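Working notes for the structure below.
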Amino acid sequence: MRVAKFIASTFVAALSCYSNVAALCQNSRFRCSYSKWGILHRGSLRMTSLGSEDSSPKSFFNRMNQAVRFCVASSVALSTFIGSSNLPVLADSRLNAPSSAGTRVNSDAESLLRYGLPISNKEIREIQNSVEAAKVDLKTRRIIFAKQDIANVKALLSRYESKLLNAVPAANLVAAKESLENLKSDVVPLLAAIEAESAAGSGSLQERKGLDDAFEAQKLLSQELSRFEELMVPPTFTRTIPDEFKSLPALQRRAEVEMTFKKPDGSQYDVDGRLYDSVTVKMVIDGYNAPLTGGNFVDLISKGFYNGMTIQRSDGFVIQTGDSNPSGAVHGYVPKDSKTERIIPLEISVKDDAELLYGVTTEDDMRGYAATVLPFQSYGALGMARSEFEANSASSQFFWLLFESDLTPAGKNMLDGRYSCFGYTVDGADLLKDVKEGDVIVSAKVTKGLENLSTGGTI
C-alpha cells in the first residue's frame, strides 16, 4: 500500500509539474509578447523571460518536459519492479474522458464533438465510453480489452434500448430506431474482425488485415454513434443570439467543410514518408457551441472567400489563413456595398452555462478556471484569430491548432476561454503536418449542413 501511494504521489507530482508550466508563464517573471494583431492575428507568439538568457518556448518547455518525464519514468519503473499487475487498473473510459490534465487528455476530434452535443443521457455516454475505449485499445494492440469493450457495447445496446429511444424527441424517433439497429449491426463485423486478428499468427498478413478491418469497423460504429447522439438533440434547439449580433450569419446545428491544398510550385506533400499531390481535410463546424463564429466561417466558405487564398502562417504551432490583404490596411472580409470589415464577437461555450459567453474572455469574466465545451485539445482544432486587446475583432482569419499536449496542455493553455473554438478537423488532420506558408487553398466548399445557416440579412 505504501509503495502504491508513493507511485501515485510521484505521478501526481509529474502532472503538477505540467500544470505549473502555464502558471509560470503568467507570473511576473514570464510574459507573452505579441505583435499588433495579437497572439493569433497577423502576429506570432514568443515567450520572453526577464533576466533569462535562453527564453525560447521550445527550450523552456523542453526543460520542463525532461523533469516531467523523469518523474513519470521513475514511477513506471518502480511499479514494474514491484509487479504492477497487482495494482488497480484505471477504467479504460478514462482515456477518452474530457480532462484538464496535461498529457492524458481526450484529443479525439469526433469524441469532443460528441461531448459537445447539448444532451445529457448517462446511458448513451456509457456506450460512448466503451466504443471510444475500444479505439484506444486497438491502437495500443490491447486486443482482448477491445473485444471486451465491444461485447459491452453489444450488451448495453440491448439493455438500454427502451431508455435510449425514450430520450429521443418524437420528431426524430423513426430515424433513431433505424440508427439504433445500425449500431447493433455494426457491432457484428467489428467483433468478427477482432476475432480474426486474435486467431491469426503474430506478424502475419492475416493479423494485419484483421486489425485494419477492426479499425474500419470501429470507425463506422463511431460514426453511427455520432448520428444517434445528434438525433437526441431536440429539433427546436437553438442558441440565443444577442440582439446586437442578430444581423450576422448564424449556424444553428452543424455543417461539414472540405478544403484542398496544393503546393504553389507543383511539388508533392511528404507526410511521414508518403507523397501526396494535394492535401484534403474535412472539418465539422459546430453551431451548437459557436453559432456566430461557425456561421461566419460557413458563410465565407459558401461565398468562395478562401478559394485561391494562400496559407499565411505555418510555424509548427498553428496554420493560419484568412487575411484578405496581408500587405494592405484591411485584413478581413468586407461585404458587398460596404467599406468596413464584417466583425464577429468573441464567442465561448463554457461548460454548465445555459447560454454562450459573448464579448469577454473567461478570464475577464473572473472565471479563468472554467472549462470550455470545445477545448483546444485536438490536432487540427479550429480557432478564430482576433486582435489581442479587442475581444470583438475577428473577421475572416482563422487557424488550425497543431495540438501537442506537452506544449499546449488542455485546460492550462493560452487559448481555451480566450479564443473562439468553432470545430475540429475530423479527417486528414495528420496531413496538416506538411502544409506550409505559401501553399494554396485550391478548393473550399460546404459539403453538408448549409441549410443550417441563416445569413441574418447580410450580403
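Asp270 to Asn307: extension gain in nm, 0.36 nm per residue of separation minus the Cα-Cα distance?
In short, 11.0 nm is gained.
Scan around Asn289 for amide H atoms under 5 Å from its own, H built in the peptide plane at 1.01 Å from N, and keep only partners 5 or more places away or cross-chain.
none
Among the chymotrypsin sites (Phe, Trp or Tyr not before Pro) in the stretch 215-269, which ones are in a DSSP loop with at most 16 other Cβ atoms within 10 Å of the Cβ? Mind listing them?
Here the chymotrypsin sites (Phe, Trp or Tyr not before Pro) that fit, given the DSSP loop and packing criteria, are Phe237.
Modelled label-to-label distance, Lys209 and Ile144, 7 Å Cα→beta-carbon offset: nm?
2.6 nm
Name the long-range amide H neighbours of Lys448: under 5 Å, sequence gap of 5 or more, or other chain; modelled H, no Pro or chain starts.
Counting only residues 5 or more places away or on other chains, the set is Glu256.
If you plug each phi of the stretch 332-344 into the Karplus form 6.51 cos²θ - 1.76 cosθ + 1.60 with θ = phi - 60°, what whole-Hz ³J(HN,Hα) values come out, in order, with x for Gly and Pro?
So the J values, rounded to whole Hz, are x, 8, 10, x, 4, 6, 10, 10, 10, 5, 7, 10, 10.
Which whole-Hz couplings ³J(HN,Hα) result when phi for each residue of the stretch 375-389 is put into the Karplus expression 6.51 cos²θ - 1.76 cosθ + 1.60, θ = phi - 60°, listed in order with x for Gly and Pro?
x, 7, 9, 9, 5, x, 4, 9, x, 9, 7, 7, 5, 4, 9
Does the stretch 105-177 classify as rounded, prolate or oblate by the C-alpha gyration tensor (a ≥ b ≥ c root eigenvalues; a/c under 1.5 gives rounded; else a/b over b/c gives prolate, otherwise oblate)?
Oblate, since a/c reaches 1.5 and b/c is not below a/b.
Restricting to DSSP loop positions (anything but H, G, I, E, B) with no more than 15 other Cβ atoms inside 10 Å of their own Cβ, which trypsin sites (Lys or Arg not before Pro) remain in the stretch 141-219?
Arg141
Using the Cα gyration tensor of the stretch 228-330, with a ≥ b ≥ c the square roots of its eigenvalues, what is the shape: rounded (a/c below 1.5), prolate (a/b larger than b/c) or oblate (neither)? Write down the numbers at each step before the final one.
Working: a/c = 2.89, a/b = 1.56, b/c = 1.85.
Oblate, because a/c is 1.5 or more while a/b does not exceed b/c.
Using amide H atoms built 1.01 Å from N in the peptide plane, name the residues 5+ places from Val350, or on other chains, whose amide H lies under 5 Å from its own.
Here Leu357, Val373 satisfy the definition.
How large is ³J(HN,Hα), in whole Hz, for each residue of the stretch 347-359 in order, when computed from phi with the Karplus curve 6.51 cos²θ - 1.76 cosθ + 1.60 and θ = phi - 60°, using x for Gly and Pro?
9, 10, 9, 9, 4, 6, 8, 5, 10, 6, 9, 10, x
How about the stretch 349-456: which chymotrypsin sites (Phe, Trp or Tyr not before Pro) there lie in a loop by DSSP and see at most 14 other Cβ atoms within 10 Å?
Tyr369, Phe389
Would you mind checking Lys135/Lys282; Lys147/Lys209; Lys135/Lys262; Lys339/Lys436; Lys282/Lys433 for any pair whose Cα atoms are more than 23 angstrom apart?
In this structure, Lys135/Lys262; Lys339/Lys436 exceed 23 Å between Cα atoms.
Each value in this text was obtained by applying a stated rule to the coordinates, not by laboratory testing. Small disclaimer: the values here were computed from a predicted structure and weren't measured. Ideal geometry is used to build each Cβ from the backbone, glycine not excepted, and the neighbour counts take in all protein chains shown.
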